[in-house]
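J.: Sharing a structure, written as structure tokens. Questions coming.
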Amino acid sequence: MNMSDEDVIEYFAIGSMMNKTSLTMRDLRPSKSRPGFLKDFELIFGMKYGMAAARRAPGCEIHGVLHRITMEELIKLDKIETWYVREKVEVSSYEGDMSKDTQATLAYVYVFNPELVTKDPELFKEHPPKERYIEILKEGAIEYGIDKNYISKTLELVYYEPRKSKTDLKSFNQLIQKGSQDTPILPSWTMEELREKDKENSDIVFIALNKNVLRLDISEPCAHREILQTSRGTQLAFIIAGKWIYDPMFGVP
């Protein structure tokens, strides 16, 4: 299908959307992707989980991936990036040696919503990303041919929170064992009871995983808010994992 110029959008990805796997898992399929850089902005990691954002900073430079997407895909991104707003900027794309051949393009980049930042600056303060997240960025940067100096001098030097070790993780069986028959930690509900409970509070999501009920608080910063809301009150927790949880170390669930 041919698209008109009005249907074509240029989107400058600087976070997990630099990664081909992350794009595919969210059903985003750019018609063209190439490395690029944005002048007078810097890469920051903020909020509780250390999510990437662009911030104006004279003299600085961010490298990322310039994706050509549809308006429908841009609307989908807006729903995903709930804590951000789009800003139109001039991005220079390049192939190989960026000092020899660059092309300026108007594109959208996501920045933290300034109204929300003003309202609650503590919520948006800088915070180190998770090890999994920064590896997603580095993997994508390599895949799309982002400038090696930027990878080594910026992405490789980002301070991050290490993955938890296997001994730090807990299974449902371990949680159940901590309770007693009189006061179980995990409730026993029918699916109808789960769906009714899920209607009580829009910021509290209830979903089922196997025979377990999960209560998820999405009132705080949550990168997966949109997919959690669309799957609430169901047994489709595996869809959340399949669409959103990717780890370069372990692959797709």
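J.: Can you tell me which residue among Y49, Y11 is touching a residue at least 40 places away in the same chain (Cβ under 8 Å), among the hydroxyl-bearing types (S, T, Y), on the phi < 0 side of the Ramachandran plot and assigned to a loop (DSSP other than H, G, I, E, B)?
T.: Just a single option satisfies the conditions, and that option is Y49.
J.: What number of residues within region 32-60 satisfy the criterion of being of a type in the set (K, R), farther than 17 Å from E87 by Cα and open to solvent by 40 Å² or more (accessible area, probe 1.4 Å)?
T.: So the answer is 2.
J.: Enumerate the pairs (first residue in region 138-149 and more than 16 Å from L38 (Cβ to Cβ) and acidic (D, E); second residue anywhere and open to solvent by less than 40 Å² (accessible area, probe 1.4 Å) and modelled with pLDDT of 95 or more) with beta-carbon separation below 6 Å, excluding pairs fewer than 6 apart on the same chain, so at least 6 apart or on different chains.
T.: So the pair list comes out as E139/N19.
J.: Tell me which residues, restricted to region 89-127, are loosely packed, with under 11 Cβ neighbours inside 10 Å and either in contact with a helix residue (DSSP H, G or I) (Cβ under 7 Å, 6 or more places away or on another chain) or within 19 Å of A52 (Cα to Cα) (or both).
T.: E115, T118, D120, P121, E122, listed by residue number.
J.: Please count how many residues of region 61-84 are open to solvent by 50 Å² or more (accessible area, probe 1.4 Å) and over 14 Å from the mean Cα position of the chain (by Cα).
T.: The total comes to 5.
J.: Take the conditions within 20 Å of L137 (Cα to Cα), in contact (Cβ under 8 Å) with a residue 60 or more places away in the chain, of a type in the set (S, T, N, Q) and part of a strand (DSSP E or B) and apply them to S33. Does it pass?
T.: Here the answer is yes, as S33 does meet what is asked.
J.: Exactly one of these conditions fails for A107: (1) more than 30 Å from N210 (Cβ to Cβ); (2) in contact (Cβ under 8 Å) with a residue 24 or more places away in the chain; (3) touching a Ser or Thr at 6+ places or on another chain (Cβ under 8 Å). Give me its number.
T.: Only one criterion is unmet by A107, namely (3).
The values are calculated or read from the model by the stated rules, or taken from the named source; none is laboratory data. Since the structure is predicted, the reported quantities are computational estimates derived from the model, not experimental observations. Reconstructed Cβ throughout: ideal geometry from the backbone, glycine too, with neighbour counts over all protein chains shown. Ligands, DNA and RNA are stripped out before the accessible areas are found, and what is left, the full protein with its side chains, is counted by its heavy atoms. Shrake-Rupley method; radii C 1.70, N 1.55, O 1.52, S 1.80 Å.
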